[in-house]
Every structure is written in structure tokens, then in C-alpha cells.
């Protein structure tokens, strides 16, 4: 059993800077590199890609990243844990193994975790009495069964630890929880049991702090004017001990900041009940954490308490909920606000003349530049130009497309000052909505598979 473990997180979401993980590998010591690619809507996108191509459905950026760091990470003994498998871990496994062979990484072991994708089992689960009710409004999933795009269970640390125990140097999962990318390696390396709730709670909090990458090292900070080195901002590293105590830090010489404020701000991110933060492995009491600065860019977290988890997994379900279209116009010159409001009225009045109407709650009209992002906070003003952002949503795709045809004509048949239109005529796109549900843990079984290069 190790007495210390360094776990860095180099990816806060699919689309985060590729320089984060590259620099973590090159600029200092780490034992593990965690990479988080998934969000709720991402799963539906991946499921659509897989339906068109059986070899798609995973985060292709993950393979592109490995193309840059794999030989160096392998030589340094850095293990990699990612949820890049999306809805097709097998295809991701194949792509990574092929890349490793091309790079000459002989002996590298690549593992996958399967079992989180319950989309093919939905009818079976509903028939067995699992209603998969919407946690927000109580509706049964059967009410939208034919419109479901993806359904994935949030898997926790034991599955990651199991894959590591099978020898994997790279662990590829599907819908692994964000904190499990950190708590899984800690569970495995420190030899904790699944009932070490205080330690698992500490690991959950550590994973929660670093899950958004540089957001805990100065990114998105209200103190942005005093933070330097933005181009070279450091990504976070968890420096953990077997008793559950850990420090958050970053590589020396990098930009950004790690202090009590940056860590506490991230602790509050996506927070429900702070005394009972629910995860698949435990419940964590965030209020028990003692957060103290312990040197430059180094914050200690200790004293975390936890309890047993619930008997259910959370299920992330996405479903098709109609169509939408949004267009934008730049309106400039004197009386820009009044002219932009008139433009919006013209669009909907012309649609009504053609028999196309939308309910008020199915329309949006925003005048960017007049304080709409923080309505009621910023004092009203008369700007020299505004961006009119106008959109609709409706189950009928034809109605939405018809809306898109009435924006461009304002350039010549509206008030003066309509000077900018970009992106072409807005077309209807599918609305993907989120359906959170619970599923009994006895209905889910995960498996691991490891291949050697």
C-alpha cells in the first residue's frame, strides 16, 4: 500500500484545453491523470453518433490527447483514468490499443468498465416495476419512452478500483461519476474497503474540488484582476494520504492560484444538501471539511466525515423534447433598443399573418447589451448598438423552420440599423431534455475488461 498518491485532473469537460493534461504530464510528478469528458447532454450526442456508426460514441479528443502524451506517460508510470468511453467503451478501447501499438508502448494494459449504459434494458426495467420516475416532477419514464435518446447510471469508485486491480494502466469508463475518477484510484491504492465511509467521503470531496479542472486554481474567479499567468494556468493536483487527508496544489511555476478561497468556492459548486452530499459510494458531509492554507498554492483538507450511500444509483436520461431555432441580428444607431424591439414584433406579427403562432412561453426575445444577463442589477442605458437574440421552440419542426425564414428579411424590410446577420437562416434543431431518475443498485452490474498491448 502506498503512503502518498498524486492525482491530477487535466480535463474539466469535453472541450477543455488540451494543454492542461499535456503540461501536467510534462511539468512535474504525478501518479495518476484523471480526465473528465462527460456531461448529461454529451451522452445523447454520443448515442446519436453510435447509431450512425457502430465505432463511434466516445470522446475522440481523448485519443488525440493520448497521441501527444502516451509514450511519456507510459515511461513515467503515470496511470490514466477517464470517462471518455461515453456510450461505446469497446470502440474507445480499440482506438487506444491501436494508438498504443503505433507508439510502441509494449506491455501497456488498457481496461474498460461496462454496465452503466442501461438504454437497451429500459423496457426490461420498466416491466420489472422500476418506474424510473423523474426526480423533479414524479412522472413515470413510460410517458416519454419512445423519445429517449440515452440512459446511463452514475457508476462509482469500486468499478474503477476493480479495473485497476485487473492491471489496467489506462481505465476507460462510461458514465463514471466525476469524483470517482479520483476516489477510484484512492480506493485501490490505499486498500480502503467500501465501508470506509469517512475516507470515501474525503475522496469524494477531493474529486469534487478538482473535477472542473482549473476552476479551482483561479479559473472563473471573481478575483480575476489579481490572478496572473492565465495562459499558463496550472491544473489541480490532489496530494492524498491513506487516512483521507489531502492537499490541493498545482505544479510549481504555473499560473493561477490555489488558496482557501479558490477551494471553498469550488466546494460550493453544484451543491445540494452540504451535510448529505449523495454519491454512489457514500454520503459526504461537506460541512465537516477543515480547509486551511498550508504554504504557497497548497491547501489542506482534513476531518471529512461520511456515511453509507443510498440503495439506488442515479440515472442520467436524455430525451427528445421538440425543436428550437435561435437567430441573431445586430441593430445599430440611434434608438437601437426600440428598433430591436420592433424587429422582434415584426417577426412574430408576420408569422401570425401566415397562420404560425407560438405561445409566450415558447418564445424568447433578448436584447444583448441592455443588461439581460443580469436583469435588474445593471442600470438601464441607451447603447449605440444591441444584439437581438430571438428564438422559438415547438414540437412541430415545420413551424420552427418557418420562424427561421422571417429574420433575414428584416435587413431590407425592417427599421434602419439592422447591420449584422451571421450564420445563415436559423434552422430547427432538436431539443434534448434531461430526466434524472433513481434505479435500485441490485439492477446494475458492472464488468471490466483489460487488454495488453
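Some values worked out for this structure:
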| item | result |
| --- | --- |
| Filter result for residue 299 (at pLDDT 95 or above, more than 24 Å from residue 3 (Cβ to Cβ) and crowded, with 18+ Cβ neighbours inside 10 Å) | no |
| Members of segment 115-133 found to be in a loop (DSSP other than H, G, I, E, B) and surrounded by fewer than 11 Cβ atoms within 10 Å (Cβ to Cβ), listed by number | 128, 129 |
| Condition met for residue 304 (over 30 Å from residue 146 (Cα atoms), modelled with pLDDT of 95 or more, surrounded by 14 or more Cβ atoms within 10 Å (Cβ to Cβ) and touching a strand residue (DSSP E or B) at 6+ places or on another chain (Cβ under 6 Å)) | no |
| Qualifying residue in segment 331-342 (condition: buried (at least 16 other Cβ atoms within 10 Å of the Cβ), part of a strand (DSSP E or B), in contact (Cβ under 8 Å) with a residue 12 or more places away in the chain and in contact with a strand residue (DSSP E or B) (Cβ under 8 Å, 6 or more places away or on another chain)) | yes |
| Residue in segment 130-137 that is modelled with pLDDT under 95 and over 25 Å from the mean Cα position of the chain (by Cα) present | yes |
| Flag for residue 432 being part of a strand (DSSP E or B) and touching a strand residue (DSSP E or B) at 6+ places or on another chain (Cβ under 6 Å) | yes |
| Set 392, 418: member being assigned by TED's automatic domain parsing to the domain that holds residue 322, touching a helix residue (DSSP H, G or I) at 6+ places or on another chain (Cβ under 6 Å) and either within 26 Å of residue 149 (Cβ to Cβ) or surrounded by fewer than 13 Cβ atoms within 10 Å (Cβ to Cβ) (or both) | 392 |
| Index of the failed condition, residue 235 passing every other in (1) over 15 Å from residue 24 (Cβ atoms); (2) in a loop (DSSP other than H, G, I, E, B); (3) in contact with a helix residue (DSSP H, G or I) (Cβ under 9 Å, 6 or more places away or on another chain) | (1) |
| Which numbered condition residue 450 misses (of (1) surrounded by fewer than 16 Cβ atoms within 10 Å (Cβ to Cβ); (2) within 30 Å of residue 164 (Cα to Cα)) | (1) |
| Exclusive hit being part of a helix (DSSP H, G or I), at pLDDT below 95 and assigned by TED's automatic domain parsing to the domain that holds residue 174, set 41, 25 | 41 |
| In segment 103-130, the residues that are more than 22 Å from residue 79 (Cα to Cα), without any contact (Cβ under 8 Å) to a residue 60 or more places away in the chain and out of contact with any strand residue (DSSP E or B) (no Cβ under 7 Å at 6 or more places or on another chain) | 120, 121, 123, 124, 126, 127, 129 |
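Rundown of residues vs (1) in contact (Cβ under 8 Å) with a residue 12 or more places away in the chain; (2) in contact with a strand residue (DSSP E or B) (Cβ under 6 Å, 6 or more places away or on another chain), yes/no style:
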site	(1), (2)
3	yes, no
6	yes, yes
16	yes, no
40	yes, yes
43	yes, yes
69	yes, no
73	yes, no
88	yes, no
98	no, no
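The values are calculated or read from the model by the stated rules, or taken from the named source; none is laboratory data. These figures come from a predicted structure and were not determined experimentally. Positions of Cβ are generated from backbone atoms using ideal geometry, with glycine treated the same way; all protein chains shown enter the neighbour counts.
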